[in-house]
1. Going from most exposed to least, what order do 209, 82, 271, 5 have by accessible area with a 1.4 Å probe?
2. In whole Hz, with x marking every Gly and Pro, tabulate ³J(HN,Hα) for segment 276-288 from phi via Karplus 6.51 cos²θ - 1.76 cosθ + 1.60, θ = phi - 60°.
3. Could you pull out the chymotrypsin sites (Phe, Trp or Tyr not before Pro) across segment 1-106 that fall in loop regions by DSSP (anything but H, G, I, E, B) with no more than 13 other Cβ atoms inside 10 Å?
4. Could you order 173, 260 so the one with the most accessible surface comes first? Probe is 1.4 Å.
5. So how exposed is residue 277, as accessible area in Å² (1.4 Å probe, rounded to 10)?
6. Only sites in a loop by DSSP and with at most 16 other Cβ atoms within 10 Å count here; which trypsin sites (Lys or Arg not before Pro) in segment 188-282 make the cut?
7. Pairs 176/293; 192/299; 38/299; 28/255: which exceed 26 Å Cα-Cα?
8. Antiparallel as a % of all DSSP beta bridges within the chain, to the nearest 5?
Amino acid sequence: MATLHKPLIYIDQNIIGLQLQDRINLRKRDDAIWVYSKEHFAETKRAQKPEKYLDVLDVLDAKLLELNLDCNFRITGQATLHETGCPYQHFDNYTKATNEVSLDDSIFDPIQVWVNGGACEDVLIDLSERFAQEVLNLTSGLSLGDIKMFDEVPSIRDALDSMIVQMLSNGNDIHKTRTALGDEKGAIGSIKGSNQIVQIWDKISATSHLTDISCDQFFGFEPVDKQGYEVWPMYLGIIACNSVLDILGFQAEKKCRKLDKIQNVRSDACHMAMGAFCSAFLSEDKRLIKRAKAIYEYKGIGTHPVLCSRKGDE
């Protein structure tokens, strides 16, 4: 993480939207630094007029906060604040880099939507075929002898097909899922007070059959399969925790069950995870701020979640 004396204030993407609509009035500050991340670029790239979002960041003199990766492109748990370069330059670099690798990062979105109770059977059925085509697109032009992944495609397709058949067979009634996890009457969605993650875990561990895992494991902060990591990064833990809270219904939104909105849901979680590197996390999303408070408190993260007030609000 960057070691600067000024507080770092991470601004959610919706804050940029409010600024564009003249519903808030943020300005460049001498006593703090406005911060954004590449997740803003992911959302900006999906917008019709990306430049207007970059304009806001430029006027605020906001700085890019970027995750540090090791030589194997794994997250190190640290982040760097880029004090030079404007948002237009960083966005241009981001766009070039992402265009060079034409990976469809939404390919597994239907699984997340289905688990959350959304209807996407037709897309799920085609997922293994889409995956195979994605591998072919990524490896086109390379010799087959150099591509280990290519040889593994048939077995991965079979495993995906088997998993999807099982998922469809089990159904995805979210109320049944929550009941099975110990939330028979939806009490988890309305938990208040301090130590909310612990409160949720106490309910789940007392009434469900999850007796062989810890709270950290259940919420994704300490997965059994660390995918090559010696220490699972907090960044990934926060994102995983948000996915679990979607299933449980804690400060969840209906958009987590919509295929055309799930990327926005994932972006929300990424913004919260990046905010954990900063002094404050600013958003107009009440549910997201409540989640951030619960997660930051549980993991002892010193970031202050701040709900943004708009012009005309009481």
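The values are calculated or read from the model by the stated rules, or taken from the named source; none is laboratory data. Predicted, not measured: the structure shown is a model, and the values here were computed from it. Cβ atoms come from the backbone with ideal geometry, glycine included; neighbour counts cover every protein chain shown. Ligands, DNA and RNA are excluded from the accessible area calculation, which covers all protein heavy atoms including side chains. Shrake-Rupley method; radii C 1.70, N 1.55, O 1.52, S 1.80 Å.
1. Largest accessible area first, the list is 5, 209, 82, 271.
2. My calculation for segment 276-288 gives 5, 8, 10, 7, 8, 10, 9, 8, 9, 7, 4, 5, 5 Hz in order.
3. Answer in residue order: 73.
4. These residues rank, largest area first, as 260, 173.
5. 20 Å²
6. 192, 226, 258, 261
7. Going by Cα-Cα distance, 176/293; 28/255 fall outside the 26 Å limit.
8. Once the DSSP bridges in the chain are tallied, antiparallel ones form about 30 percent.
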